[in-house]
1. May I ask for the distance between the Cα centers of segment 228-252 and segment 182-225, given as a whole number of Å?
2. For a quick check: with amide H placed at 1.01 Å from N, whose amide H comes under 5 Å from Y262's, ignoring anything fewer than 5 positions away on the same chain?
3. Based on Cα coordinates alone, diagonalise the gyration tensor for the chain, multiply each eigenvalue by 5, take square roots, and list the semi-axes in whole Å, largest first.
4. Which residue, G40, G144, G290, has the most motion in a Gaussian network model of the chain that connects Cα atoms within less than 10 Å?
5. Report, in debye and to the nearest 20, how large the dipole of the chain comes out about its Cα centre when Lys and Arg carry +1 and Asp and Glu carry -1 on their Cβ.
6. Roughly how big is segment 65-191's charge dipole about its Cα centre, with Cβ charges of +1 (Lys, Arg) and -1 (Asp, Glu), in debye to the nearest 20?
7. Stretched out fully, how many nm does the piece from D228 to E127 gain, at 0.36 nm a residue minus the Cα gap?
8. Give the residue from G130, W196, I90 lying farthest towards the positive end of the charge dipole for segment 87-229; charges sit on Cβ (+1 for Lys and Arg, -1 for Asp and Glu) and the dipole is referred to the Cα centre.
Amino acid sequence: MAQLITTLGPKRAEDLGPILPHEHVFVDLRTWDKPGYGEGEAADVIRLMAPEIERIKAQGFTALVECSTIGVGRRADIDRAVSEATDFPIVVPTGIYREPWVPPFGHEWSEDALAEWMIAELEEGIEDSGVQAAWIKISAGDDGITDTEAKILRAAARAGARTNAVIGSHTIRGRVVMEQLNILEDAGYTASRFIWIHTQAEPDFALHLEAARRGAWVENDGIGGWGDPNLYTDAYNLDMIRNVLDAGFGDQLLISHDRGWYDPAEPGGGTPKPYTYLVDTFLPKLEASGVDRTTIDTLIRDNPFRAFAR
């Protein structure tokens, strides 16, 4: 029986309700070689982020997927501390972000070594954090996948095939996603265990449908403002979601904010963007547009569990 691996242990579908599939608790978008990169105290992060977690608990959310991977300041130990302080499950990844955020070992290690490292984090745990990785987060550049990014993807495919972990990729351009899916399938994994993160950034809806037809998950994680606020409006997001639903791919659609977070580069961790916009503002608009409550429940409860559980 599939389970969602979290900071509070594995959870079955009946243990959970709505899940936010793309958010951040702790992020450092500086590169790995900058002074202070990835540094932070758990107590400071709890102080800033626990109130945000409590707000979504009050909305009925039962888990959150942390999308900070190696390269953007992953801190599984801090995720666990926030999780335990709020009694709220957080779903943490293994994997490596894209260039220039790839740390030296991502360039230096072989595909075999990267795959074994990911498998170890997925099966045993992340360093000494006491947290088992649930999924694999990677990325690819806008101009095409580099040799190192392709190596990381092939390693992720091998780790996914061993563990059934889903691979999610921050990929802005649909043509790059098609290249990733080819690499993934050539490496022996399946597009049905791939999430196209930031699908909303690709203006060509035909590429959204092509990815879905190949079996991939498409994720609109720009709810409530993402990138250019004049472009990624509620109206834009409603149209994208309705188009995916109308095309018959509602069972492969994920929706979230890509919000948070504690940023160690900012004084006091900065000012987090709350995770509450989806329920407070967007879902009422989605329902008013004609999407029934059963479909909405599928989008916020069933789909995230099916995507990330293994």
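1. 14
2. Under 5 Å from the amide H of Y262: F26, V27.
3. 26, 24, 19
4. It is G290.
5. With only Lys, Arg, Asp and Glu charged at Cβ, the dipole is about 580 debye.
6. On the way: 11 positive and 22 negative charges, 72 e Å.
It works out to roughly 340 debye.
7. 32.7 nm
8. W196
The values are calculated or read from the model by the stated rules, or taken from the named source; none is laboratory data. Here the structure is a predicted model, which means the values were calculated and not measured. A quick note on method: Cβ atoms are made from the backbone with ideal geometry, for glycine too, and the neighbour counts reach across all protein chains shown. Please note that ligands, DNA and RNA were not included when accessible areas were found on the heavy atoms of the full protein model with its side chains. Shrake-Rupley method; radii C 1.70, N 1.55, O 1.52, S 1.80 Å.
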